[in-house]
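Here the structure comes first, spelled out in C-alpha cells, and everything after it is commentary.
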Amino acid sequence: MEEQFIFAGLILCLFITMITVMARENKRQREKVREKIREMWGNIPDKEYSRDLLDSISHYFMRRESQESGFFLDDITWNDLDLDRIFMLMNQTMSSLGEDYLYYMLRKPEFTPEKLQERQRLADYFRGHQEERVRLQLLLGNLKRLPTVSLSDSLYVLTDAKEHKRGKHIACALLMILSILAMIVIPKYGVFLMLGMMVFNVIQYLFSKQEIETYLSCIRSIMRILEAAKETCKLQMPELSEYLEQIKKARNELGQFSRGAGLVMNRSDAGGGLETIILDYIRMIFHVDMIKFNSMLKELQKHFGAVETLMETFGFLDSCIAVASFREVMPYTCIPQFEAPGKRAAMEVTNLYHPLIKEPVANSIAVAGGTLVTGSNASGKSTFLKNVAVNAILAQTIGLCVASEYKSCYLRVMTSMALRDDLLSKESYYIVEIKSLNRILKAARKTTPLLCVIDEVLRGTNTIERIAASSNILAALCQDHVLSFAATHDIELSYMLEALYTNYHFEEEVKEHDVVFNYLLKKGRATTRNAIRLLEMIGYDQKIIENAKRAAEIFEKKGAWAPVKKEEGQC
C-alpha cells in the first residue's frame with residue numbers, strides 16, 4: 001500500500017511539473033511575441049507576398065465593392081500608382097482580417113469627414129498608448145493568418161456549405177457505446193468487440209472527415225475569433241468602448257454556436273497538449289464533431305451577420321494600428337484639410353513626397369484646374385504626378401498625407417499612366433490607352449470633383465495625330481469640377497493649351513559625363529532636352545549622336561524633318 005502511495009505521489013509530482021513547465025513555456029512564448037510586436041512598431045514590414053496572396057487579400061474588397069455603392073479606386077488607377085507596394089509598406093497588421101480590411105480601406109476613398117476623423121482618432125490613440133495597443137495586438141495575433149488564402153475567403157465558404165449526412169456517424173457512436181457496455185457485461189468477448197469498433201470508427205472518421213475538413217477548418221477559425229472576442233471584451237479601454245460593445249453583442253449572438261463547441265474541435269490548430277490529444281481520440285471514436293457539424297453550420301448560417309461584424313471590427317482596429325505604425329515610419333506626415341468645392345476644384349500641397357522613395361525630394365504646388373508638366377526623360381514628371389494622386393488617396397482613405405500640408409476638396413481619383421499591351425484580349429497599347437482615357441472622360445461628365453492624372457497622352461501613336469488628339473482630350477478635361485494633371489514630352493502642347501493649363505516643368509544640369517537631376521518642380525514650360533545626351537553617355541556610336549543632333553537642329557529651324565541620306569555600306 002505504501003509503495004502505491006509513493007507511486008501515486010510520483011505521478012502527481014510529474015503531472016504538476018509538466019503543468020508548471022508548460023505554463024512557463026506559454027508565458028515565455030507570450031513575452032517573445034510581445035517583444036516582437038514592440039520591435040515591429042514604426043518599422044517597415046518584412047513580410048513577403050506572392051501574387052496569389054495579394055489576389056486573395058483583394059477578395060474582401062471585391063466582395064464589399066459588389067455590395068456597396070459609392071466610388072472605389074479601379075484596377076487601372078491602383079496598378080498605375082503601384083498601390084500594392086504602398087499597401088505592403090503599410091501592412092503591419094497582426095491578422096488576415098486586418099490586412100483584408102486595410103486593403104479595402106485603401107481602395108475606398110471617403111467623401112465625408114466622420115470616418116476619416118475616427119481613423120485619425122484611433123491612430124493617435126494607438127500611438128500614445130503602447131501597452132494597450134500591445135495587449136490588443138496579442139489578441140489579434142491569435143486570429144492567425146492562413147498561408148495561401150485570406151481568412152475572410154475561408155469564412156465565406158460556410159455560407160454555401162451543405163449539410164453533411166450524419167446517420168452513419170450516429171450509428172457509429174451508438175455501436176461504440178454498446179460495445180463498451182458489452183465489455184462490462186461480458187468482458188471476455190466485449191473487449192474484442194470494443195477494440196474492433198474503435199478501429200472501425202477511426203477508419204470511418206478519417207474517410208468522412210476529408211469530405212468536410214475545409215468547413216471544419218473554417219469553424220475552427222471562427223472559434224479563434226470568438227475566443228479573441230471573449231478576451232477583447234475584458235480589456236479596459238474606454239476609448240474603444242464602441243467597438244468592444246460591437247464585439248460583445250456579436251459574440252453573444254453566436255452564443256448558441258459556441259456552446260459546447262470546445263468538445264467538438266480545438267480552438268487552435270497548434271495541437272500538442274494533453275487535453276487536445278484526449279479530445280482528438282474522443283472525436284475519432286465517437287464522431288462527435290461529425291454529429292454536431294450540421295447544428296453548428298445552421299447556427300452559423302443563421303447568424304453569419306454577427307461573424308461579419310466580428311470580421312469587420314477586428315479588421316478595422318488592426319488596420320488602424322497599421323496606419324499608426326506607418327505614420328511612425330514616414331519622415332513626416334500631416335492631417336489633410338478638406339474644404340467645400342469652390343467655383344473650381346483646387347489643391348494646395350506643401351512638401352509632398354513619395355512614400356516608396358528612400359530619399360525623396362519634396363515639392364509644393366497650389367493649383368486650380370489643369371496642370372501640364374513638361375521635362376526631359378527621368379527628370380521626375382511621372383513621380384510627381386504619382387505623388388499628387390497617392391497623397392489625394394491617402395488623405396481620403398487613412399486620413400493622412402505624406403506632406404507637411406494638404407488642402408483640397410474631396411476628390412474622385414483616376415489615372416492613366418503605366419499601361420501596357422493586353423495580350424489576353426489581343427489589344428495593342430494604343431487601344432488599351434484610348435480605352436483608359438475614355439473612362440476618365442466619361443467620369444468627368446459627373447459633377448463630383450475629379451482628380452485625373454495622365455502620363456504621356458496617346459504615346460502609342462504617331463506624332464501628328466497624337467498632338468492633335470491629346471490637345472483636344474486635355475481641353476475636354478478642363479472643367480470647373482476637374483483637377484487635371486498631365487505630363488508630356490510634346491512641348492507643342494504647352495503652347496496649344498496655354499489658355500487652359502498652367503505650365504510646370506522639371507529640368508536637369510548637363511555636365512561633361514553626366515546629367516544631374518534636382519527633381520524640383522518649377523513654373524513654366526521645359527526649355528531643355530536630354531534624350532540624345534543620354535544616348536551619348538551610355539556609349540552609342542558617335543556618328544549616330546552627331547547625325548541625331550544635326551537632324552534636331554534642322555527641324556528646329558525649318559519645322560520639317562530632313563530625309564536620312566544613304567551612306568556607303570547601308571542597304
Kindly list the number of the only condition in (1) loosely packed, with under 13 Cβ neighbours inside 10 Å; (2) within 23 Å of Leu216 (Cα to Cα); (3) among the hydrophobic types (A, V, I, L, M, F, W, C) that fails for Ile186. (2)
Residues in segment 347-359: is at least one more than 25 Å from Gln137 (Cα to Cα), assigned to a helix (DSSP H, G or I), touching a strand residue (DSSP E or B) at 6+ places or on another chain (Cβ under 7 Å) and of a type in the set (Ser, Thr, Tyr)? no
Quick one: Gly272 ticks every box in (1) modelled with pLDDT of 95 or more; (2) more than 27 Å from Thr397 (Cβ to Cβ) bar one, so which box is it? (1)
Answer from Leu106, Leu97, Leu89 - the residue that is assigned to a helix (DSSP H, G or I) and either within 22 Å of Thr232 (Cβ to Cβ) or modelled with pLDDT under 95 (or both): Leu97
If the Cβ limit is 7 Å and pairs must be 6+ apart or interchain, which residue in segment 448-463 that is without any contact (Cβ under 8 Å) to a residue 24 or more places away in the chain pairs with which residue that is among the β-branched types (Val, Ile, Thr) and loosely packed, with under 15 Cβ neighbours inside 10 Å? none
The condition of being in the same structural domain as Arg529 (by TED's automatic domain parsing) and either at pLDDT below 95 or farther than 15 Å from Cys452 by Cα (or both) holds, among Leu356, Leu385, only for Leu356
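Results for (1) assigned by TED's automatic domain parsing to the domain that holds Leu458; (2) part of a strand (DSSP E or B); (3) surrounded by 12 or more Cβ atoms within 10 Å (Cβ to Cβ); (4) modelled with pLDDT of 90 or more, shown as yes or no for each residue.
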position: Ala499; (1), (2), (3), (4): yes, no, no, yes
position: Glu509; (1), (2), (3), (4): yes, yes, no, no
position: Leu535; (1), (2), (3), (4): yes, no, yes, no
position: Val564; (1), (2), (3), (4): no, no, no, no
Just one listed residue, out of Ser364, Ser379, is buried (at least 24 other Cβ atoms within 10 Å of the Cβ) and either outside any helix (DSSP H, G or I) or acidic (Asp, Glu) (or both), and it is Ser379
Can you pull out every residue in segment 182-237 that is free of Cβ contacts under 8 Å to residues at least 40 places away in the same chain, assigned to a helix (DSSP H, G or I) and touching a Lys or Arg at 6+ places or on another chain (Cβ under 8 Å)? Lys230
Determine which single condition Ile431 fails, assuming it passes every other condition in (1) free of Cβ contacts under 8 Å to residues at least 40 places away in the same chain; (2) more than 14 Å from Ser484 (Cβ to Cβ); (3) crowded, with 23+ Cβ neighbours inside 10 Å; (4) among the hydrophobic types (A, V, I, L, M, F, W, C). (3)
When residues of segment 155-176 are filtered for being outside any helix (DSSP H, G or I) and touching a residue at least 12 places away in the same chain (Cβ under 8 Å), how many remain? 4
Find the residue count for segment 120-133, including only residues that are touching a helix residue (DSSP H, G or I) at 6+ places or on another chain (Cβ under 6 Å) and surrounded by 18 or more Cβ atoms within 10 Å (Cβ to Cβ). 4
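Taking Arg529, is it part of a loop (DSSP other than H, G, I, E, B), at pLDDT 80 or above and either under 20 Å from Ala378 (Cβ atoms) or basic (Lys, Arg) (or both)?
Values: part of a loop (DSSP other than H, G, I, E, B): yes; at pLDDT 80 or above: no; either under 20 Å from Ala378 (Cβ atoms) or basic (Lys, Arg) (or both): yes.
No; evaluated as a whole, the condition is false for this residue.
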(1) in a strand (DSSP E or B); (2) within 31 Å of the chain's Cα centre (by Cα): which one isn't true of Asn438, the others all being true? (1)
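Go through segment 135-154 and give me each residue that's assigned to a helix (DSSP H, G or I) and surrounded by 18 or more Cβ atoms within 10 Å (Cβ to Cβ). Break it down into steps so the answer makes sense when it comes.
So in segment 135-154, the residues assigned to a helix (DSSP H, G or I) come out as 135-141, 151-154.
Arg135, Leu136, Gln137, Leu139, Leu140, Gly141, Leu151, Ser152, Asp153, Ser154 - these are the residues of segment 135-154 that are assigned to a helix (DSSP H, G or I) and surrounded by 18 or more Cβ atoms within 10 Å (Cβ to Cβ).
Specify which of the listed residues (Glu48, Glu114, Glu99, Glu39) is closer than 19 Å to Gln137 by Cα and free of Cβ contacts under 8 Å to residues at least 12 places away in the same chain. Talk me through it step by step, then tell me what you get.
Values: Glu48 fails: closer than 19 Å to Gln137 by Cα; Glu114 fails: closer than 19 Å to Gln137 by Cα; Glu99 fails: free of Cβ contacts under 8 Å to residues at least 12 places away in the same chain.
Of Glu48, Glu114, Glu99, Glu39, the one residue that is closer than 19 Å to Gln137 by Cα and free of Cβ contacts under 8 Å to residues at least 12 places away in the same chain is Glu39.
The values are calculated or read from the model by the stated rules, or taken from the named source; none is laboratory data. What you see is a predicted model; the values in this text were computed from it and never measured. Ideal geometry is used to build each Cβ from the backbone, glycine not excepted, and the neighbour counts take in all protein chains shown.
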